[in-house]
Each structure stands twice: as C-alpha cells, then as structure tokens.
Amino acid sequence: MRHFAIVGSGPAGFYTAEALAKAYGAGAAIDLIDKLPVPYGLIRFGVAPDHQSIKAVSRRYEQVAESEGVRFIGNVAVGEAVSVDQLLGLYDAVVLATGAPHDRALGIAGENLPGVVGSAAFVGWYNGHPDFADLDPPLDGEAAVVIGNGNVALDVARILSKTRDEFAGADIVNHAIDALDHSRLRTITLLGRRGPHQIAMTPKELGELGHLAAASPEVDPGDLPDEGADAALEPGMRKSVAHLRGFVAPDAARPKRIVFDFFARPVRIEGEGRAERVIVERTRLDGARAVGTGEEYAVPARLVVSCIGYAAPPIGGVPYDQTGGRYANEEGRIADRLFAVGWARRGPSGTIGTNRPDGQEVAAQIAAAMPEGSDGGKAGHEGLAALLGARGVHPTSFDDWRTIEAAEVAAARAGAPREKFVRHTDWLSLLGR
Ligand code: NAP
C-alpha cells in the first residue's frame, strides 16, 4: 500500500488525486488535505459567482472525492496543525496543490491606505471566503480603480457593475450583494500599464462587459493601434481587441461607466487617511515593454482593487521562488518525495484545465519511482489522525461537506444555487462541533 498526501483541494489537487487513483487503483490511499472545512479551493472561492458553468467542474471533483482510496480531510492547516516534514514522515509522497491565494504587492506608496485591497481579498469577500468576510470594501465613493488588465480585473469590474437582478442564479454571498446594492459607484477605471494589444483578457469575458444592464464600457479610440495591426495577433487576442474596438462608442443611457485607461502605470496612491486618488504615469511602448513618459495625472478612487497576480503561500521548510510566487521546483519536483502542482508549481497562469496535465505529470513521476504493488511502510491517514487528535484538531470529512452543502442549498435565495456559509463557526456548529 502507498500513502499520498495532497495539500489543497482545488483543481490542481483534485486532478492529481484523480491521476494517482487511476495509476494505483486500490493500491494507494490518497488524502486530500485542506485548511478550510470545505473543498474545491479556487472553484468555490476564486471563480466568479456569476460564472456557474465554470464552477460545474466541481461535479467531476466530487466523483474523485468519492472514489476508492481518496479521502477529503478538511480543517487542517498544513504548516500549522502539521508540518510538511511531518507529512513526509507519514506519507510516501506529498504534493503541494495550495494554489496561489496571496496577493502580490504593488510596491508603490500608499498601497496600505484603507480602501486599497488586493484581488484575493476582494474576490474572497464576494465569494464568501472566511478570511475576507469582514473586508467591508468602501463602496461609498463614486469612483473606483481596478489595477491590471487580466481576467481577474474583468471579474472585479463586472461584479462592481452588476445590478441585483443580474446576480440571479449566482452564488454571490448575501453580505456582498447587499453591499453592492447600496454602492454609490459610477465610474470604474481599469488601469493597464501597456496597451490594447498587450491585455491578458480573454474574448468571452471581455464580451460580457458589453451586455451589462447598468454599465457601459469605454475605450478611448486614440489608445487603439491601427486596425491593420490586429491581423498579426493570435485569433483569441484578435477577438478580444475587436471587443475593445466595439467599446469606443459608450452607451450614455447607462448610469455606470467602465473606463479602460491604457498606457497608465500607477505610481502612488494618495489620500487623507484613506485612498482618494491613484497617481498614474502615462507610458509608451518600447517593443512590448512599457516605459514611463514622466507625465502624471490623478484618477479619483475611494476603492482601489489591485488585480496584478497572485503568489503561493510560503510554508516552513519548503524552498520558495519569490519572483515566480511559487515553490522552487523542477518539473514539479521540489525535493525527495515532495512535489508541487498547478499554480503552486507554475505560478498563477492558465485556465482551470491547464492544471490537469500538471497533476498527471506529477502522478506519473510518483508512479515511476514507487511502482504499483510496492509498500513504503508509511502510517498514512492513521498516523495523521493520531497526530491531529493529539493536537486537538478536528478534521472534516467529505460526508461533513455533504451536510454543509445540503444546508447551503436549503438556504439559497430564490433562483440561486446556494447561500454559502462563510465562517468557521457556522460550518462547525452546523456539524454539531
Ligand atoms: P494575469 O492574467 O497575469 O494579469 C495580470 C495583469 O496585471 C496584467 O495585465 C499585468 O500587466 C498587470 N500587472 C502586473 N503587475 C502590475 C503592476 N505592478 N502594475 C500594473 N499592472 C500590473 O493575472 P490575473 O488576472 O490575476 O489572472 C490569473 C489567471 O487566472 C490568468 O491565467 C487568468 O486568465 C485566469 N483567470 C481566468 C478567468 C476566466 O477564464 N474566466 C477568470 C479569472 C482569472 P502586464 O501584462 O503589463 O504584466
């Protein structure tokens, strides 16, 4: 029997568990450990609540969780309740699938002013992550700035713009929908430090901005390259840029504006005790690189959301690549019997499906080193249960998640799939603990 621990129950963790279960059949016990009492990581806490079709992939993960040899162990923070070294003592291999839940810093003056939040915090707030339930982002001003030109920036701008009715069928949590309903926001400015041909936004997500009930996207035609230059773009990017070209004639009848401000690099955030404006330097392109022109201007904002990428959480004893925001690894291998998959391995890029080959590759490496039918003499789950018991840590199981899920479905607003329970105490009291 082989014993494997996977740390993190988001997409990368589940794809790895699926691949290991396939490689070993009944010859392996696979523990999917999560610090939260509930599974699915990015699917539950990252994917936008109005993108339910993307979240549907959790049905596949559910089948993995219920397959032979796989066990979900929630409410166990690796690095706190148990160390990676201890896991290596208990399991034949340990795979870090933590994702990249930390915000990268902007590195500019004023970024710690009240009103400046990272996208992990802001997205976590509207998605019911317990760490951000009390974020209370300031929605009392008329202007917000979203920094970055990736899909997360689009998610944030869209969520800030939607009306209550447009959230029908979404699992946005009640505290967020109520706060957004009372928002005074009128202008959301998306700052891109480079130009329309350098965006990291995909066409479907960009196209959604054109169909909002109360908001209209705006692009300054002067920022767009000559149309002929679009021919050299790869097809997806060409479609995205076509959407931007469609945004040059905003609909003045809609009360909110989503303004694309290209060639705009934030240099500092200013305000009396809270964010009031972002000071931006106009840039120009030198090849694909943005260089400053020295020209500065102010963009008003009481709320600033930086959507500039994420980093994996450093864990004691695990080598870390600061630049990449991930664990230092070579093709997924960090050290003897210790691996990383998904964003923990590659850094925060790619779609959910990109994590599948990662998991398969690492499972193949493990299976090559520890052939099916071999036994490493490790204690596995029994050893972990004893260690956690001695520390007074009470893990949750997949059956516990089923109980929570049923209660969330029962509590849903009309038309919504669920109303998420947000706090540890809510989850654990529901389980009678
Ligand atoms: P991302 O795609 O890497 O975009 C980050 C953006 O931040 C880029 O526009 C980047 O500009 C900008 N940026 C970085 N540092 C900056 C700085 N110091 N100042 C100003 N701008 C800065 O990251 P993301 O949006 O967080 O998305 C992460 C991954 O999740 C991506 O693969 C994304 O496609 C995926 N995702 C997908 C969906 C979906 O499919 N619906 C939704 C959300 C996220 P430069 O290009 O100039 O560096």
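The values are calculated or read from the model by the stated rules, or taken from the named source; none is laboratory data. Predicted model, so just to flag it, every value in this text is computed and none were measured. Heads up, the Cβs are rebuilt from the backbone with ideal geometry, glycines too, and the neighbour counts pull from every protein chain shown. Surface areas here come from the heavy atoms of the whole protein model, side chains and all, with no ligands, DNA or RNA. Shrake-Rupley method; radii C 1.70, N 1.55, O 1.52, S 1.80 Å.
Rundown of residues vs (1) in contact with a strand residue (DSSP E or B) (Cβ under 6 Å, 6 or more places away or on another chain); (2) closer than 20 Å to Ile352 by Cα, yes/no style:
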residue	(1), (2)
Gln52	no, yes
Val57	no, yes
Gln63	no, yes
Ala81	no, no
Leu88	yes, no
Practice problem: Would you mind finding the one in Ala390, Ala363, Ala367, Ala407 that is more than 28 Å from the chain's Cα centre (by Cα), surrounded by 12 or more Cβ atoms within 10 Å (Cβ to Cβ) and either of a type outside the set (Lys, Arg) or at pLDDT 95 or above (or both)? | Solution: Ala367
Quiz prompt | Enumeration of residues in the stretch 332-357 that are within 16 Å of the ligand (Cβ to nearest atom) and of a type in the set (D, E, K, R) | solution = Arg345, Arg346, Arg356
Quiz item: What number goes with the only condition from (1) of a type in the set (Lys, Arg); (2) in contact (Cβ under 8 Å) with a residue 24 or more places away in the chain; (3) more than 13 Å from the ligand (Cβ to nearest atom) that Arg158 does not pass?
Solution: (3)
Exercise. Test Leu135 against the stated conditions and say whether it is more than 11 Å from the ligand (Cβ to nearest atom), of a type in the set (A, V, I, L, M), open to solvent by less than 20 Å² (accessible area, probe 1.4 Å) and modelled with pLDDT of 95 or more.
Key: no
Quiz item: Can you pull out the helices (runs of 4 or more DSSP H) entirely within the stretch 29-91 that have at least 2 residues that are within 16 Å of the ligand (Cβ to nearest atom), at pLDDT below 95 and β-branched (Val, Ile, Thr)?
Solution: none
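Regarding Glu295, is this residue without any contact (Cβ under 8 Å) to a residue 60 or more places away in the chain and in contact with an Asp or Glu (Cβ under 9 Å, 6 or more places away or on another chain)?
yes
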Practice problem: Report whether or not Leu206 is within 11 Å of the ligand (Cβ to nearest atom) and under 28 Å from Glu142 (Cα atoms). | Solution: yes
Quiz item: Of all residues in the stretch 387-432, how many are of a type outside the set (D, E, K, R), at negative phi and in a loop (DSSP other than H, G, I, E, B)?
Solution: 12
Quiz item: Among the candidates Val259, Val248, Val241, which residue alone is β-branched (Val, Ile, Thr), assigned to a loop (DSSP other than H, G, I, E, B) and surrounded by 14 or more Cβ atoms within 10 Å (Cβ to Cβ)?
Solution: Val248
Practice problem: Would you point out the residue of the stretch 96-127, among those that are among the aliphatic types (A, V, I, L, M) and within 12 Å of the ligand (Cβ to nearest atom), that is surrounded by the most Cβ atoms within 10 Å (Cβ to Cβ)? | Solution: Val123
